[in-house]
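What follows is one structure encoded as structure tokens, with my remarks underneath.
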Amino acid sequence: MADLYELLGVDRGADQDDIKRAYRKLARELHPDVNPDPEVQDRFKEITAAYEVLSDPQKRQNYDMGGNANFGGAGFGFGDIMDAFFGGGGSRGPRPRMRAGQDALIRIEVSLHEACFGTEREISVESAVRCNKCEGSGCLDGSAPQRCEICKGRGETQQVTRSFLGQVMTSRPCANCQGYGSVISNPCRECAGDGRVRAKQNIPVKIPAGVETGNRIQLSGRGEVGPGGGPAGDLYVEIIQKDHEFLVRDGNTLHLALGITMSSAALGTTLTVETLDGPISVEVKPGTQSGATIPVKNKGVTHLRGGGRGDLVVHVEVHTPTKLNREQEELMKKFASLRGEKDGDSQVREGGLFSKFRDAFGR
């Protein structure tokens, strides 16, 4: 750490008046209200810490002897010096009892079908609502808040203290009325003077088509009612989409794994598959390989913003029989012979399943 005397720009033999004048001059130049630059603020804190030590004879003596300056010890702290030098953090008049309420968040689960096509729900939410007994005033039987006799309605009290600058007047929120400037002598028995109570509400929610996990729906004015019956915040409904039994979602595209027999893959076939729209027919062309994909247009998820839908992609998996009876085995051998295949033959085809594995692993 830099030399404390150098920070204040004074000699080691400077008296208390010299130190006070030096700090006062620098503080007015470097205070955050005058210069908000972060580096300048750091220097302001340094000179304040230096003044805290050098203005205390015991701390100064300890520092001059090479000991610990004990910045965190008794005496003026940083906040105390700011209060004394710049008048403290006054509340600047009474604060209103009626304030805006906070926003609220609730999460709901929807199915893939509901996420795709949209739906309507009614959700039950327990939150702060305006007290009907006092209509948000917090007062009993139509009475009204009375002016605080301690602060005379100002919401703050003032105190004169002595500091290195002389007498300084500081302002603080009134402890009697908590800064409101008034006191509720007869609070409402229903809400205890808060102007609001906890209650359960049933709120309808329209979930648009195309939502996915993480999307939030904003319901303006359906959040927490503020203190004093103030305006309510907003309610945010966050969507959690549940997994589907056999469809996998990727954005607006749906994926479906379809297993077919070896003969169907070789000869081609037409299969019926289930989708979010109900059963549809999918054509499998002759010679289809395991790992091939069949795109089905406009059978995916609805676009959240704008019309149209994504696609459904059917992933074909060819199942090889694991057990053959004698007749089936003879037929398979005959089939292989007719194709000129021999035991131990293998074939690597570009663009086939091997190529996809190679691409997936970056080789």
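No lab work stands behind these numbers, since they all come straight from the coordinates. Only a predicted model underlies this, so the values are computations on that prediction, with no experimental measurement involved. Quick reminder, even Gly has a Cβ in these numbers, built from the backbone with ideal geometry, and neighbours come from all protein chains shown.
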Worksheet item: Long-range amide H contacts for Arg222: which residues qualify at under 5 Å (H placed 1.01 Å from N, peptide plane, sequence gap of 5 or more or a different chain)?
Response: Leu235
Discussion item. Strictly over 28 Å apart at the Cα level, which of Lys25/Lys152; Lys242/Lys285; Lys200/Lys299; Lys285/Lys323 would you flag in this model?
Written reply: Lys25/Lys152; Lys242/Lys285; Lys200/Lys299
Worksheet entry | Built amide H within the under 5 Å cut-off of Ile207, gap 5+ | Thr119, Glu120, Arg121
Discussion item. Based only on other Cβ atoms within 10 Å, what is the fewest-to-most ordering of Arg130, Arg339, Arg95?
Written reply: Arg339, Arg95, Arg130
Practice prompt. Quote to one decimal, in nm, the extra length available between Leu331 and Ile217 on full extension: 0.36 nm per residue of separation minus the C-alpha distance between them.
Written response: 34.9 nm
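Compute the convex hull volume of the Cα atoms of segment 212-306, divide it by the residue count, and report the result per residue in Å³ as a whole number. Before the final figure, lay out each step's value.
Values: hull volume 10.9 nm³, N = 95.
Per-residue hull volume (Cα only) is 115 Å³.
Among Ser111, Ser281, what is the fewest-to-most ranking by other Cβ atoms within 10 Å? List each step's numbers first, then the result.
Values: Ser111 14, Ser281 9.
Result, fewest neighbours first: Ser281, Ser111.
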Worksheet entry | Residue-wise HN-Hα coupling along segment 195-209, computed from phi with Karplus coefficients 6.51, -1.76, 1.60 (Hz; x: Gly, Pro) | x, 8, 9, 7, 7, 9, 10, 9, 10, x, 10, 9, 9, x, 5
Discussion item. For q values of 0.14, 0.16, 0.22 Å⁻¹, compute log₁₀ I(q)/I(0) with the Debye formula on a Cα-only model of segment 166-272, without solvent.
Written reply: -0.86, -0.95, -1.22
Practice prompt. List the relative contact order of segment 179-262 as a percent without decimals, with contacts defined as Cα pairs under 8 Å and 6+ residues apart.
Written response: 21 percent
Response to the item:
Listing Leu105, Leu276, Leu140 by rising number of other beta-carbon atoms within 10 angstrom, fewest first, gives Leu105, Leu140, Leu276
